[in-house]
1. Given 10 °C and 1.306 mPa s, how large is the Stokes-Einstein diffusion coefficient of the stretch 160-224 in µm²/s, with Rh as the Kirkwood radius over Cα pairs?
2. Based on the Cβ-Cβ distance of residue 161 and residue 30, what FRET efficiency does E = 1/(1 + (r/R0)^6) give at R0 = 25 Å, to the nearest 0.05?
3. Could you tell me, in Å, what Rg and Dmax come out for the Cα atoms of the chain?
4. Please work out how much length the chain gains when fully extended from residue 75 to residue 257, using 0.36 nm per residue of separation minus the C-alpha to C-alpha distance, in nm with one decimal.
5. Given springs between every Cα pair under 10 Å in a Gaussian network model of the chain, which of 150, 238, 251 has the largest fluctuation?
6. Sticking to Cα atoms, compute the Rg of the stretch 76-148 to one decimal and its Dmax as the biggest Cα-Cα distance, whole number, in Å.
7. Please tell me the relative contact order of the chain in percent, rounded to the nearest whole number, where contacts are Cα pairs under 8 Å and at least six residues apart.
8. Taking only the alpha-carbon positions of the stretch 47-88 and ignoring solvent, what does the Debye formula give for the base-10 log of I(q)/I(0) at q = 0.23, 0.30, 0.35 Å⁻¹?
């Protein structure tokens, strides 16, 4: 049984409130784990991930639908986003079985949607949390996401200190709706960097950005206002070096500030957003 997931809106700054609980935001893949007649693992868009993550199947409580984040943790217990991406990309059974040993998956559960014939989504969040707490034990392959009451700003400071992705704020009395809702908010611990612009992609005008030592940083498609774009194309015409089938290449004289969620092992900024030019 698949339930559309409840999605997060964004809060610009951390906050505290007695009306909310606050959780660490894990950097993995959203998963709806259904175990009614047989176990199925669904992505947020109803993709079937059952084959890719077999180690979770025997750990799911019977007659239950859980919502959470599929995670791979590194040797230091940190989020390994590249590891979970690899697990979801594997198709061959032999490779999947090998990856269970090298990149084991943990399901971090934060909500329960159905249990023993009852749809729990109309219940307030804290009531659902109580049911989840009785059903799922700490530790092992399936774990509960812990939360704190009221003190969101303190949890965000902890997230910053540990270089985590951010936190999630959830209204205590919120029911579960299968769409985006302001009752659930994400507060991202953005990383800001200075980048050089070495070109742009012809198809969509995405900026080709690099570190100041010219190592690739990634493509940036969001964040530029019409004013920014007009100024960029006016200047870029004067510093074109060459072009190929896909890109216009520039002398990397223009610099800008970007924000993103994390760096990959190759130094690429994940989910980059343009902030402003550096003049």
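Taken together, the values in this text are just the output of simple stated rules run on the coordinates, not laboratory data. This structure is a prediction, so every number in the text was calculated from the model and none was measured. Because the Cβ atoms are built from the backbone with ideal geometry, glycine has one as well, and the counts that use them run over all protein chains shown.
1. Details: Rh = 15.1 Å.
Roughly 105 µm²/s, to the nearest whole number.
2. 0.45
3. Considering the chain through its Cα atoms, Rg and Dmax are 21.4, 67 Å.
4. On the way: separation 182, 0.36 × 182 = 65.52 nm, distance 3.20 nm.
Difference between extended and current length: 62.3 nm.
5. 238
6. 15.6, 43
7. Computed value for the chain: 19 percent relative contact order.
8. Results for the stretch 47-88 at q = 0.23, 0.30, 0.35 Å⁻¹ read -0.93, -1.18, -1.25.
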